[in-house]
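The structure appears below as structure tokens.
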Ligand code: OAD
């Protein structure tokens, strides 16, 4: 995709980033799109264009058809494991080397960590993590009985993916840390999210309410555009490296 990024918007963004002392970055599936990881809602490539989310990403669907849902997560793990971080992920690592950055992501693909980002706040869990459904508290993954899904050898509880399903609470610590970062930051950069899923989508508004500037990076219009001071209409893998290069010059 070639992108014409408005030069004025870029320059204004670089200025804001250069002046910022405490940056919060919120990412969504779009930051991994250029790695080849399907987003959720893009019509053509979206993961859900082929699946019905209600069928797969919630607890009672799992109780009803554990093997199918487990297989879908194994498929997604394979797909993600075969991808690599893209220039957007790498640019965010570079930013954190120059500025105080708190990175919160809605993504479960672990690509920020693989790019080198540290202390990533995973608001929706991690695709490669496992936990137990109705576990006995002594369930040991190492001793699990293999199957689709594996089960606890002590209580027969089903292993489940360590991601947040529809209707579930976000991990408490992750949510608290992200909300605190939104309240403390003086700049919030939103990358690659449709801004439709709360509470994550509420973070840029909270940052704004506490006096921060907001920059949105997205090739398409999003629900967070009206919260933004600046919208950079382009793919993250193209836009972010432009910002950061300028930043090092601006803040030098
Ligand atoms: P969506 O699929 O809803 O939105 C992806 C966004 O990325 C869209 O706004 C696209 O325009 C944008 N996008 C696509 N390619 C891009 C690129 N190269 N660079 C930048 N942006 C690009 O995914 P999310 O907003 O992340 O939650 O969805 C939020 C949550 O909805 C997910 O975390 C998931 C789902 O329910 C859970 O699983 C709990």
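The values are calculated or read from the model by the stated rules, or taken from the named source; none is laboratory data. Computed from a predicted structure; not experimentally measured. FYI the Cβ positions are ideal-geometry reconstructions off the backbone, even for glycines, and counts take in every protein chain you see.
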query = Hey, among 81, 96, which residue is modelled with pLDDT of 95 or more, away from the ligand (no atom under 15 Å from the Cβ) and surrounded by 15 or more Cβ atoms within 10 Å (Cβ to Cβ)?
reply = 96
inquiry  = Can you find, within the stretch 222-244, the residue that is farthest from the chain's Cα centre (by Cα) among those that are in a loop (DSSP other than H, G, I, E, B) and within 8 Å of the ligand (Cβ to nearest atom)?
reply    = 234
ask   = Do you know which residues across the stretch 206-224 are in contact (Cβ under 8 Å) with a residue 24 or more places away in the chain and touching a strand residue (DSSP E or B) at 6+ places or on another chain (Cβ under 6 Å)?
value = 207, 212, 213, 214, 215, 216, 217, 224
request  = Take residue 133 and decide whether it is under 18 Å from residue 191 (Cβ atoms) and in contact with a strand residue (DSSP E or B) (Cβ under 7 Å, 6 or more places away or on another chain).
outcome  = no
message = I'd like to know if the stretch 193-205 contains one or more residues that are touching a strand residue (DSSP E or B) at 6+ places or on another chain (Cβ under 9 Å) and in a strand (DSSP E or B).
response = no
query = Applying the selection to the stretch 99-123, what residues are in contact (Cβ under 8 Å) with a residue 60 or more places away in the chain, surrounded by 21 or more Cβ atoms within 10 Å (Cβ to Cβ) and more than 15 Å from the ligand (Cβ to nearest atom)?
reply = 101, 102
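In the stretch 19-44, how many residues are more than 9 Å from the ligand (Cβ to nearest atom) and surrounded by 18 or more Cβ atoms within 10 Å (Cβ to Cβ)?
7
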ask   = In the list 149, 141, which residue meets the criterion of being more than 10 Å from the ligand (Cβ to nearest atom) and either crowded, with 16+ Cβ neighbours inside 10 Å or closer than 22 Å to residue 91 by Cα (or both)?
value = 149
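Here is a yes/no grid of residues against (1) closer than 23 Å to residue 22 by Cα; (2) touching a residue at least 24 places away in the same chain (Cβ under 8 Å):
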residue	(1), (2)
125	no, yes
143	no, no
146	no, no
166	no, yes
176	yes, no
185	yes, yes
